[in-house]
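What follows is a set of notes on a single structure, which appears directly below.
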Amino acid sequence: MKRVLTLVISVIVAVPVVSWVMKPKVRPEYDEHGRVIIEWYNYATPEFLDLYQKYLIPEFERTHPHIKIRLNSSLGDTGYDAKLLTLIAGKIPPDLVHVTQQNFPFYAVKDILLDLTPLIKSDREFHINDYFERVLEGMRYQGKLLGLPSDFSTIALVYNKDMFDKYGVPYPDETWDWNKFLWAAKKLTRDTDGDGVIDQFGFVNINSYNRWPAWVWMAGGDILTADMKKCLMDDPRSIRGMKFYVNLSIKEHVAPTATQTLGQSFEEMFMAERAAMIADSRYAYKVFSKGMNFRWDVAHMPKGPACRATTFIWGGNCILKSTKHPKEAWEFLKFLSGYEGAILNVKAGNAFPAYKKVAMSDIVLKSSISPPNDKVFLEAISYGRQAPFPPQYTEFSQAMTKFEGAFLGLEPVDVVCRRFAQEVNAAVSGEVW
Amino acid sequence: MLLLVVKYGEARRLREHIGIAWRRFEVQRMRQRMSRRQRAEAFSGFLFILPWVIGFLVFTAGPVIASLTLSFCKWDILTPVKFVGFGNYAKMAQDPLVRKSLLNTLYYAAFAIPLGMCGALGTALLLNQKLSGMRLFRTLFYVPSVTSGVATYLLWSWIFNPELGLLNRALRHQVWWLDFSKGIHWKIVPLVANPPKWLADPNWAMPALIIMSLWGVGGGMLIYLAGLQGIPEELYEAAILDGANNVQKFRYVTIPMLSPTIFFNLIMSIIGAFQVFGAAFIMTGGGPMNATLFYVLYLFQNAFMYFRMGYASAMAWVLFIIILTLTLIQFRLSRKWVHYQ
């Protein structure tokens, strides 16, 4: 009898305790003043967070008295996606999330981002033409606009002027094609101390999806068809572009192989004067500002056999479909990508703001670190393209590891390109796993 | 799932705890009458193990069951869970990277386990000598086992750096060499003219990681050392009286007496080798060309890079079955060679 009683009592005690523990946490919708709380998830580093809290958010809350912004930051990009997924799985998703060209495809294909098209249509104050169409293109997926970019940069040729002068090589200009580029790179590749080991390279060809597509496009090739149903990397033009890019290190030896970088990143090699040219974005200025002991400038990417081409790097914000207050979230999104957000990005030295008026104004191009031809990054927008991705994004990025063999010089480029195309074709015709 | 294997020891401890409490309870029931005090004692016994039991249920048993369920589902965290039956297991059978990662793991295990076992036993034998300063040496050999994994991996990736690394510097060291090509004379040549590119070369990355695994022999060494010190001195004395030499003493006294320790270390090394992850995660990311893509690393990538939770869970259960089978085989084989005193 007593045992039964004990059991009953413990169940009575345990059930509320367990259900309290298991109860999903609910994020309050309104604060104590009745303002709508909009949570913004980003990976601001502490210095950025400071800028947000001191300038951006107070300004927004002053002009939008009915909205309260709550910051949720992973403080740096390690673990960013894992934390966001945990928030979503735990049913406390933020309203707005920050993404870049790196992780945007993952969220876009999962269909959790709000299509902004209806919001834009009903908003008279908002003008889509205030933004660079080619940058917006990066956040379009299957005919929907899934976010607004806040900052961006094209990739251009960054070069060491002193080194060009030293070896009597003319600076890169509009006339540069692949031949001139290769000729200059050869001239700039040197064994400076005569020990038989190359110490200084003309260029660095990194194996990255925001670099090599440009060379494929330059040769007239492409990565995927517009409908994402077929991979075009087995096209002779695509192979030609990839071959030229890979051969810079494997055959022409004007760029370091994986072992010749000595563990340095391509930016570190450039800053240490071990590379005369690199293809880099304006985001690198933050790194460069830490000290460049030589004169440097920026030039257009060389023209390929078919055209001139380059890729984009960008950051932006998306509204999650799960938000209960899309209108308020949209207000904040506009603010982040609009004039005020643009000014903040300039303050933080974050490449170009996506907002045209600020991006093309003097405050950006005449910043303290700007080299003479800084505007090349803006001019490059006209021939810049966004690297595509299919819904089977995981399989697509897995297939990309195939190129490693080519960059290591262990497998012929054409074989790797064909195998890549084969694998991607199999993936895009199959289910998304 | 992996937790289950890792926590195998803990589970056993749990069983012991529960066993003790339960037996006491049973004995008292057999006596039919439990005094108030005895009952209170049994109750407090259960109460004492309760935190552990709750922890086990919530943080080990719960996730284990969840992962088993998930292994039959498709789940990317963002969209709702979808039941796919044996879909994940079927996809695994076709995934070339699963095959590649299993082969990589077997390759690693086939070399790292014997090397590690012999290394640990050898070091333990050397450190079991009665010499002055032995404590210092024991500490020195054990220190790598307690240093942080990430720090040592970064250190080793510098050692293996093809151009600047310590290892290749040593290999390129100039030495005097007898040259027979034009009569016999001395010449100065590098020890190895073209040393391997280690982590940058798909053929040498795995050997590099195997060599590096010797760095952690300290843990096994400590257990061997304890085993060696548990061997009674009189057995050696008896062997000497019977005219045994050192090799015979080792073969007929040390090895049999140490066999339970060897057995324990073997089981732990097999489990450890199949779960190897950190080194590749930090140093190579599975590359170059998937040469160091270990099974658990690929599992991790699926779970936390591609967010295919169901698929990763299925992979974990397959790994569990592999480790369980190997361990059971070891237990069966052990009857032939392990001697308990």
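The values are calculated or read from the model by the stated rules, or taken from the named source; none is laboratory data. Just so it is clear, the model here is predicted, and its values are computed rather than measured. As a convention, Cβ positions derive from the backbone with ideal geometry for all residues, glycine included, and neighbour counts pool all protein chains shown.
Listing for the model above:
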| read-out | value |
| --- | --- |
| Residue match in the range A:418-428 (condition: more than 17 Å from A:P213 (Cα to Cα), more than 9 Å from chain B (Cβ to nearest Cβ), in contact (Cβ under 8 Å) with a residue 24 or more places away in the chain and in contact with a helix residue (DSSP H, G or I) (Cβ under 6 Å, 6 or more places away or on another chain)) | yes |
| Condition broken by A:V26, with the remaining ones in (1) without any contact (Cβ under 8 Å) to a residue 12 or more places away in the chain; (2) among the aliphatic types (A, V, I, L, M); (3) more than 14 Å from chain B (Cβ to nearest Cβ) satisfied | (1) |
| Checklist (1) away from chain B (no Cβ under 11 Å); (2) crowded, with 18+ Cβ neighbours inside 10 Å; (3) over 28 Å from A:C307 (Cβ atoms) applied to A:L408, failing item | (1) |
| Filtered residue count, the range A:84-108, keeping only those that are away from every other protein chain (no Cβ under 11 Å) and in a helix (DSSP H, G or I) | 3 |
| Some residue of the range B:297-304 being hydroxyl-bearing (S, T, Y), surrounded by 16 or more Cβ atoms within 10 Å (Cβ to Cβ) and away from chain A (no Cβ under 14 Å) | no |
| One residue from B:V253, B:V192, B:V247, B:V175 being modelled with pLDDT of 90 or more and in contact with a Leu (Cβ under 7 Å, 6 or more places away or on another chain) | B:V253 |
| Selection status of B:L126, assigned to a helix (DSSP H, G or I), out of contact with any Asp or Glu (no Cβ under 7 Å at 6 or more places or on another chain) and within 14 Å of chain A (Cβ to nearest Cβ) | no |
| So B:F274, is it away from chain A (no Cβ under 14 Å), under 22 Å from B:V217 (Cβ atoms), buried (at least 20 other Cβ atoms within 10 Å of the Cβ) and aromatic (F, W, Y) | yes |
| Among residues of the range B:236-267, those that are surrounded by 15 or more Cβ atoms within 10 Å (Cβ to Cβ), aliphatic (A, V, I, L, M) and within 24 Å of B:M117 (Cα to Cα), counted | 6 |
| Residue list for the range A:336-349, restricted to those being at pLDDT 85 or above and either of a type outside the set (S, T, N, Q) or touching a Lys or Arg at 6+ places or on another chain (Cβ under 8 Å) (or both) | A:L336, A:G338, A:Y339, A:E340, A:G341, A:A342, A:I343, A:L344, A:V346 |
| Filter result for the condition that a residue is in a helix (DSSP H, G or I) and either exposed (fewer than 12 other Cβ atoms within 10 Å of the Cβ) or within 14 Å of another protein chain (Cβ to nearest Cβ) (or both), over B:Y108, B:Y89 | B:Y89 |
| Check on A:L113, away from chain B (no Cβ under 14 Å), over 14 Å from B:D76 (Cα atoms) and modelled with pLDDT of 90 or more | no |
| Residue match in the range B:180-196 (condition: among the aromatic types (F, W, Y) and over 31 Å from the mean Cα position of the chain (by Cα)) | yes |
| Residue check, B:I282 part of a helix (DSSP H, G or I), β-branched (V, I, T) and within 30 Å of B:W75 (Cα to Cα) | yes |
| Residue satisfying all of: in the range B:129-162; more than 14 Å from chain A (Cβ to nearest Cβ) and of a type in the set (A, V, I, L, M); farthest from B:F274 (Cα to Cα) among these | B:L131 |
| One residue from A:D227, A:D234, A:D222 being farther than 26 Å from A:W314 by Cα and surrounded by fewer than 21 Cβ atoms within 10 Å (Cβ to Cβ) | A:D234 |
| Tabulated pairs, the range B:267-281, first more than 11 Å from B:T292 (Cβ to Cβ), second polar (S, T, N, Q) and modelled with pLDDT of 95 or more, C-beta under 8 angstrom, 6+ apart or interchain | B:A273/B:T105; B:F274/B:T105 |
| Where a residue in the range B:177-202 is more than 14 Å from chain A (Cβ to nearest Cβ) and its partner, wherever it lies, is of a type in the set (V, I, T), with Cβ under 9 Å and at least six apart | B:W177/B:I188; B:W177/B:V189; B:L178/B:I184; B:D179/B:V189; B:I188/B:V175; B:V189/B:V175; B:L191/B:V175 |
| Residue list for the range A:1-26, filter: assigned to a loop (DSSP other than H, G, I, E, B) and either in contact with a His (Cβ under 6 Å, 6 or more places away or on another chain) or at pLDDT 70 or above (or both) | A:V26 |
| Selected residue (only one of A:D177, A:D130, A:D165 is of a type outside the set (S, T, Y) and without any contact (Cβ under 8 Å) to a residue 24 or more places away in the chain) | A:D165 |
| Qualifying positions in the range B:39-58 - in contact (Cβ under 8 Å) with a residue 12 or more places away in the chain and within 14 Å of chain A (Cβ to nearest Cβ) | B:A42, B:F46, B:V53 |
| Test for A:I57: is it under 28 Å from the mean Cα position of the chain (by Cα) and either part of a strand (DSSP E or B) or in contact (Cβ under 8 Å) with a residue 40 or more places away in the chain (or both) | no |
| Any hit, the range A:327-340, residues being free of Cβ contacts under 8 Å to residues at least 24 places away in the same chain, in a helix (DSSP H, G or I) and in contact with a Phe, Trp or Tyr (Cβ under 7 Å, 6 or more places away or on another chain) | yes |
| Lone qualifier among B:S157, B:S101, B:S71 - being of a type in the set (S, T, N, Q) and over 30 Å from A:Y107 (Cα atoms) | B:S157 |
| Helices (runs of 4 or more DSSP H) contained entirely in the range A:350-397, each with at least 1 residues that are at pLDDT 90 or above and buried (at least 21 other Cβ atoms within 10 Å of the Cβ) | A:356-359, A:376-379 |
| The range A:73-83: number of residues that are among the small types (G, A, S), on the phi < 0 side of the Ramachandran plot and more than 10 Å from chain B (Cβ to nearest Cβ) | 2 |
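Conditions tested, residue by residue: (1) within 24 Å of the chain's Cα centre (by Cα); (2) more than 14 Å from every other protein chain (Cβ to nearest Cβ).
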position: A:D235; (1), (2): no, yes
position: A:N247; (1), (2): no, yes
position: A:H253; (1), (2): no, yes
position: A:L262; (1), (2): no, no
position: A:M269; (1), (2): yes, no
position: A:E273; (1), (2): no, yes
position: A:M277; (1), (2): yes, yes
position: A:Y285; (1), (2): yes, yes
position: A:F288; (1), (2): yes, yes
